[in-house]
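Okay, structure first, notes after.
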Amino acid sequence: MLVMGDMSIQGNIKAARSLVEPLQVAMDNGARCALIPGENKRAFLEVDTDVIDKIDPIFFNDVKTATFKGLDLN
């Protein structure tokens, strides 16, 4: 699992700068899913189809949601 994005001091989730390279590296190293900030949904369209086929994206907008989705506790 790959977790992307940054959190500000106020606790807000900030978008990742790039998705293409980190997702490619994650796939090459065996990742099967990635937690991606919701602000990066449009940038996900730039990711290679080979990577999209192998890594399931899980979009989140706050830390609590990311935690529950990451642990599959919906």
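The values are calculated or read from the model by the stated rules, or taken from the named source; none is laboratory data. These figures come from a predicted structure and were not determined experimentally. Reconstructed Cβ throughout: ideal geometry from the backbone, glycine too, with neighbour counts over all protein chains shown.
Take segment 1-18 and flag every residue that is aliphatic (A, V, I, L, M) and touching a residue at least 12 places away in the same chain (Cβ under 8 Å). Those that are aliphatic (A, V, I, L, M) and touching a residue at least 12 places away in the same chain (Cβ under 8 Å): 1, 2, 3, 4, 7, 13, 15, 16.
Search segment 1-17 for residues being part of a strand (DSSP E or B), farther than 21 Å from residue 32 by Cα and among the hydrophobic types (A, V, I, L, M, F, W, C), and hand back the single one that is nearest to the chain's Cα centre (by Cα). The extreme case among them is 13.
Taking the conditions exactly as written (in contact with a Gly (Cβ under 6 Å, 6 or more places away or on another chain) and surrounded by 14 or more Cβ atoms within 10 Å (Cβ to Cβ)), does residue 13 satisfy them or not? Yes; evaluated as a whole, the condition is true for this residue.
Residue 39 meets the conditions (1) loosely packed, with under 12 Cβ neighbours inside 10 Å; (2) over 15 Å from residue 2 (Cβ atoms); (3) at pLDDT 90 or above in every case but one. The failed one is (1).
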